[in-house]
Amino acid sequence: MALPALVKPETKVNQPGKKQGTVAVTAPRQNQIIHTVKVMATGYTAGYESTGKRPSHPQYGITYSGVKVRRDKNTISTIAADPRVFPMGTILYIPDYGYAVVADVGSAIKGRKIDLYFATTKQVYKEWGKKEVEVQVIRRGNGKCSEKMLDTLGKAIQTYKSVPASLLEEVI
């Protein structure tokens, strides 16, 4: 399978006529990218099929870091990764998915694998599936992820359609 083409910095990803599920944010500027890593990306949900938890479980929809799972292609989403590769709190830009913060781990997520959160299994299959992709590391995490961090990033991305460099030092 061919890798998806990376979006040029400052290029809008959502364009008229593109399929639903396209990303409505701007790719990071080249000077914001620490490095690019090729990973195998799959999708997951908060549901039983992905986590073994049902809605009645007290930890349903709560990530390993303690934050609630979220998917917002216009701001920020939570993903799972191997903390030895991408520590908790790492900010990534994922082509065709958007900005994401590592907030979770998974038993099958080892090495260069990431799991992208979606609200439903239908969305996982329709919008993502399983594919190899080159992710751009914007900021390496410090092992923590909080609701405050996600809210701050989300508001900044909603305003600027990208992560302002000045904000990166504040949130991590």
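Data for the structure
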item: Residues (among the polar types (S, T, N, Q) and outside any loop (DSSP other than H, G, I, E, B)) located in segment 146-172; result: T152, Q158, T159, S166
item: V69 modelled with pLDDT of 95 or more and either among the charged types (D, E, K, R) or out of contact with any Lys or Arg (no Cβ under 8 Å at 6 or more places or on another chain) (or both); result: yes
item: In segment 76-105, the residues that are open to solvent by 10 Å² or more (accessible area, probe 1.4 Å), outside any strand (DSSP E or B), at pLDDT 95 or above and not aliphatic (A, V, I, L, M); result: P83, R84, P87
item: Residues (touching a strand residue (DSSP E or B) at 6+ places or on another chain (Cβ under 8 Å) and assigned to a helix (DSSP H, G or I)) located in segment 47-61; result: S50, T51
item: Criterion: at pLDDT below 95 and crowded, with 21+ Cβ neighbours inside 10 Å - qualifying residue of L167, L153; result: L153
item: Residues being touching an Asp or Glu at 6+ places or on another chain (Cβ under 9 Å) and touching a residue at least 60 places away in the same chain (Cβ under 8 Å) - total across segment 77-98; result: 5
item: V39 of a type outside the set (D, E, K, R) and either in contact with a Gly (Cβ under 9 Å, 6 or more places away or on another chain) or open to solvent by 60 Å² or more (accessible area, probe 1.4 Å) (or both); result: yes
item: Subset of segment 107-166 (residues that are touching an Asp or Glu at 6+ places or on another chain (Cβ under 9 Å) and of a type in the set (F, W, Y)); result: Y117, F118, W128
item: Count - residues of segment 106-145 that are among the basic types (K, R), in a helix (DSSP H, G or I) and surrounded by 19 or more Cβ atoms within 10 Å (Cβ to Cβ); result: 0
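The values are calculated or read from the model by the stated rules, or taken from the named source; none is laboratory data. Just so it is clear, the model here is predicted, and its values are computed rather than measured. For neighbour counting, all protein chains shown are included, and Cβ atoms are generated from backbone atoms with ideal geometry for every residue, glycine included. Note: areas computed on protein heavy atoms with side chains; ligands, DNA, RNA excluded. Shrake-Rupley method; radii C 1.70, N 1.55, O 1.52, S 1.80 Å.
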